[in-house]
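The values are calculated or read from the model by the stated rules, or taken from the named source; none is laboratory data. Computed from a predicted model, the values in this text were never measured in an experiment. Quick reminder, even Gly has a Cβ in these numbers, built from the backbone with ideal geometry, and neighbours come from all protein chains shown. Please note that ligands, DNA and RNA were not included when accessible areas were found on the heavy atoms of the full protein model with its side chains. Shrake-Rupley method; radii C 1.70, N 1.55, O 1.52, S 1.80 Å.
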Amino acid sequence: MALERAGWICGACSSGFPVIGEIPWLFPEPRQALADWRGRLGMLSQHLASEAAAMLSATAGKEAGQATRRRLEHVAAAYDDQVRRLAALLAPLGLDQSGMSEATHRGIGTRLPLEQGLTNYYVNLQRDWAWGEEENAAGLGEIVAVLGGDARGLGRTLVQGAGAGRLAYDLHQRGDAPLTVATDFNPLLLFVAREMFAGRSLELYEFPIAPRNVEDHAVLRRLSSPSAGRAGLELMAADALQAPFADAAFDTVVTPWFVDIIGEPFARVAARVNLLLKPGGRWINSGSLSFSRAAHADRIGLEEALEIMPHAGFTDVRVREGTLPYMRSPASRHSRLESVVTWVARKSGPAAELPRARVLPDWLLQPDRPVPRTRAFEMQAISSRVHAFLLAMINGERSMRDMARMLVEQRLMSADEAEAQVSLFLTRLHEDSENQ
Ligand SMILES: C[S@@+](CC[C@H](N)C(=O)[O-])C[C@H]1O[C@@H](n2cnc3c(N)ncnc32)[C@H](O)[C@@H]1O
């Protein structure tokens with residue numbers, strides 16, 4: 001890769017990649033990735049603003065006591081302020097270029113930010129740069145221990161899924177690597193890491209999951225690093241499943257709290273790491289091994305991971321298990337202890353099976369190709385029309401019985417089941433709206 005005026009140019013294929021917010025944006029489809037993250041920011045901002053408005057209108061309720069009123073006003077003000085802070089930090093995503101409402105985002109399938117969006121690992125950012133040293137030092141300590149007490153000699157290092165970057169920073173500062181590349185695909189975490197690596201500070205709110213008192217429901221935290229990072233500490237926005245690096249580019253690959261969340265079977269993740277390493281290079285892995293959302297066969301434990309490693313081209317595996325404090329916010333009653341697995345392994349040869357690239361169909365790659373109406377799409381279209389029909393029946397006048405009659409007239413169900421089904425549908429709708 002070489003840096004040109006407009007961004008980065010791939011030496012092998014001449015593709016161009018922009019720099020967004022000072023960070024090389026190395027996604028295979030950079031514009032699509034930008035639209036995706038911009039959409040998530042838009043949805044998050046609208047969500048925070050509408051929640052703030054809902055809290056303020058709840059203070060008008062007669063039943064709100066003094067402390068409750070204080071809490072609602074405090075959190076509403078924090079949400080509004082957080083919207084402004086996020087807009088400033090994430091301005092390079094170009095939110096002002098988006099004209100989509102929250103409803104349109106939901107309709108088109110932008111995933112709910114609170115679950116799968118910008119704030120998915122938001123608490124890591126607070127842990128990394130605001131809560132003090134205990135957890136960060138413990139995590140680093142496990143890795144240094146498995147390396148035999150010395151963080152030097154890692155060579156060119158890649159940290160995959162680096163999040164807000166604290167471990168990458170600590171390893172780089174503590175060791176002597178000429179280059180440490182921290183990658184992630186989440187621009188919020190990357191932009192915070194950029195500020196921290198530069199030795200600057202910034203303020204963002206923490207919203208603890210089990211606040212101790214009214215003020216703890218929204219705590220404005222100052223995020224800062226001990227000092228600017230040493231030369232050679234770099235950030236790149238990239239998808240680990242489509243990593244923009246040449247084979248054998250690194251002496252060390254670090255995967256912190258990553259192998260279980262990436263959504264691929266462990267053998268394939270290990271083969272991807274292998275490809276990125278030089279012969280004899282080292283893979284450092286640390287974190288949880290809880291593959292709870294994977295297919296049954298892929299919910300592996302430590303013994304199974306160790307069995308897979310030789311097939312993935314790794315040898316000399318040194319493992320350490322330690323119980324560490326995890327996500328202990330000073331403002332929360334909730335905290336965890338994690339039994340963390342850390343290993344270092346050496347690349348002994350190629351993996352038995354090469355990781356498959358994700359292949360997209362032509363109609364997704366070329367905007368002028370007709371989109372096929374597959375069986376799955378057909379089903380989705382019909383069920384969406386039924387859903388839209390059900391919602392359209394709600395006009396402020398019809399009763400459940402009226403609606404059931406309409407469904408029978410449209411031959412969507414029999415008279416026997418219609419009333420019960422309408423009742424179930426409306427109950428779910430009501431509960432969903434209460435839960436949001
Ligand atoms: C469990 S967090 C761990 C973050 C960090 N390593 C830490 O220990 O705090 C997993 C990280 O992987 C990132 N991630 C998940 N899937 C990714 C992908 N396909 N490409 C790049 N990063 C990804 C997430 O954004 C998140 O920062």
For the range 196-253, inverting the pair-averaged 1/r of distinct alpha-carbon atoms gives a Kirkwood value in Å of 15.2
A 1.4 Å probe over the protein heavy atoms gives the range 31-95 a carbon and sulfur accessible-area percentage of 54
Out of Q32, F17, A64 - ranked by how far each Cα lies towards the positive end of the dipole of the range 14-97, with unit charges on the beta-carbon of charged residues - the top one is A64
In cubic angstrom per residue, the convex hull of the range 348-436 built on its Cα atoms measures 250
Within the range 137-199, DSSP-loop trypsin sites (Lys or Arg not before Pro) with at most 12 other C-beta atoms within 10 Å are R152
Under Stokes-Einstein, the chain at 25 °C and 0.890 mPa s, with its Kirkwood radius over C-alpha pairs, diffuses with a coefficient in µm²/s of 100
Ranked output for segments 391-400, 82-91 by mean other Cβ atoms within 10 Å, highest leading, reads 82-91, 391-400
With only helices counted (DSSP H, runs n ≥ 4, each -39500 (n - 2.57)), the per-residue ellipticity at 222 nm for the chain, to the nearest 500, works out to -13000 deg cm²/dmol
Scoring the chain by relative contact order with C-alpha pairs under 8 Å, at least six apart, yields a percentage of 13
Given backbone amide H placed at 1.01 Å from N, residues whose amide H is under 5 Å from that of E338, ignoring those fewer than 5 places away on the same chain, are L324, Y326
The percentage of the accessible area of the range 142-251 (probe 1.4 Å, all protein chains present) made up of carbon and sulfur atoms, to the nearest whole number, is 47
In debye to the nearest 20, the charge dipole size for the chain, taken about the Cα centre with +1 at each Lys and Arg Cβ and -1 at each Asp and Glu Cβ, equals 420
Taking 26-38, 411-423 and ranking on average Cβ neighbours within 10 Å, highest first, one gets 26-38, 411-423
The range 345-436 accessible area per residue, 1.4 Å probe, protein heavy atoms, integer Å², reads 81
Magnitude of the Cβ-charge dipole (Lys and Arg +1, Asp and Glu -1) of the range 202-282 about the Cα centre, nearest 20 debye, reported as 260
For the range 286-436, using Cα atoms only, the Rg and Dmax in Å read 26.5, 72
Expressed to one decimal in nm², the mean projection of the alpha carbon convex hull of the range 31-92 is 4.2
P(r) of the range 230-320 over all Cα-Cα pairs, 10 Å bins starting at 0, rounded to whole percent, reads 15, 50, 29, 5, 0
With Cα coordinates, the longest principal axis of the chain makes an angle with the long axis of helix 66-89, in degrees rounded to 10, of 60
The equivalent-ellipsoid semi-axes of the range 224-267, taken as the square roots of five times the Cα gyration tensor eigenvalues and listed largest first in whole Å, are 24, 15, 11
Within the range 21-65, DSSP-loop GluC sites (Glu not before Pro) with at most 14 other C-beta atoms within 10 Å are E22, E63
With every protein chain in place, the accessible area of S290 for a 1.4 Å probe, in Å² rounded to the nearest 10, comes to 60
Percent relative contact order for the range 295-436, counting Cα pairs under 8 Å at least six residues apart, stands at 14
